[in-house]
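Only one structure is covered here, and it is reproduced in the block below.
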Amino acid sequence: MTKRLVILVSGRGSNLQSILAACRSGQIPDTQVVAVISNRPAAGALELAVLAGIPALTVDHRDYGTRVDFDAALQRQIDDYAPDVVALAGFMRQLTPAFVQHYEGRMLNVHPSLLPAFPGLHTHARALEQGVLWHGASVHFVTSALDAGPAIIQAAVAVLPEDDEQSLAARVLDAEHRIYPQALAWLLTGRVAYAAGRAQWRDPPETAMREAIAPSLESFS
Ligand code: GRF
């Protein structure tokens, strides 16, 4: 049966676009994006959803007095679409433990760093400031600790001497676009699942790891 995916956004929606392309091409097999929901009415991602003929909704966090109230409204809206998986794609709100618990094992996030390095905001500036040689992107299960759930896939991006925040962010974003569809495909086909606080693989982990390493090698080309 076709799997149902709801995508939460706050911004321009380039990760949304890469996921939609992967659903169309079959890289994410047998899956339909059934709704795109933003906490910001002006998010460009909503326009992309409309263009793709997907229900595009806003649950504006400014209309709610507390995080608990906002998350409850968001959860109602999401659950109206009965998703198998929820993908945070540039969704810029911290979520309450009850909300996270409700979607345990079926909610993923993409984060622009090699977690556990640089959780939170301004990851590219912080990576440059620290002088790290490698930066990158991670897709992880969402848990109640911010940007700390178990990773499913990571892509490493070399930090170049001439990099500024913008150039580094652009290469990391490109990596995000490659690894997020892969992680979603693995979750939606049951290849990876969340159990006992870890990502558990149906196939031997070495197989998944080799696939996970491939995107980082490509980033040199
Ligand atoms: C991405 O870098 C994501 O990792 C970050 O916000 C950005 C969203 O970009 N948290 P987009 O809206 O998917 O283009």
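The values are calculated or read from the model by the stated rules, or taken from the named source; none is laboratory data. Since this is a predicted model, take the numbers as computed values, not measurements. With ideal geometry, Cβ positions are generated from the backbone for all residues, glycine too; neighbour counts draw on all protein chains shown.
Do we have any residue at all in region 141-151 that's free of Cβ contacts under 8 Å to residues at least 40 places away in the same chain, out of contact with any Cys (no Cβ under 9 Å at 6 or more places or on another chain), over 30 Å from residue 1 (Cα atoms) and more than 11 Å from the ligand (Cβ to nearest atom)?
Yes, that holds for at least one residue.
Restricting to region 24-63, count the residues that are touching a residue at least 24 places away in the same chain (Cβ under 8 Å) and in contact with a Pro (Cβ under 6 Å, 6 or more places away or on another chain).
Adding up the residues that qualify gives 3.
Inspect all residues belonging to region 160-173 and state whether any of them is under 21 Å from the mean Cα position of the chain (by Cα), crowded, with 18+ Cβ neighbours inside 10 Å and of a type in the set (Asp, Glu).
For region 160-173, residues under 21 Å from the mean Cα position of the chain (by Cα), crowded, with 18+ Cβ neighbours inside 10 Å and of a type in the set (Asp, Glu): absent.
Quick check on my filter: what residues within region 1-52 are closer than 18 Å to residue 174 by Cβ, in a loop (DSSP other than H, G, I, E, B) and within 11 Å of the ligand (Cβ to nearest atom)?
Result: 11, 12, 13.
Need at least 2 residues that are farther than 22 Å from residue 92 by Cβ per element, so show me which strands (runs of 3 or more DSSP E) inside region 111-209 make the cut, counting only ones lying wholly within it.
By residue number, 151-158, 192-195, 198-201.
Quick check on this structure: which one of 54, 78 is closer than 12 Å to residue 9 by Cβ and either at pLDDT 95 or above or of a type outside the set (D, E, K, R) (or both)?
Going through 54, 78 in turn, the sole match is 54.
I'd like the residue in region 96-120 that is over 21 Å from residue 5 (Cα atoms) and within 15 Å of the chain's Cα centre (by Cα) and, out of all such residues, is surrounded by the most Cβ atoms within 10 Å (Cβ to Cβ).
112
I want to confirm something. Restricting to region 61-85 and keeping residues that are part of a loop (DSSP other than H, G, I, E, B) and in contact with a Lys or Arg (Cβ under 9 Å, 6 or more places away or on another chain), which single residue is surrounded by the fewest Cβ atoms within 10 Å (Cβ to Cβ)?
Per the stated criteria, the residue is 82.
Considering only residues that are of a type in the set (A, V, I, L, M, F, W, C) and part of a loop (DSSP other than H, G, I, E, B), look in region 86-95 and name the one that is nearest to the chain's Cα centre (by Cα).
89
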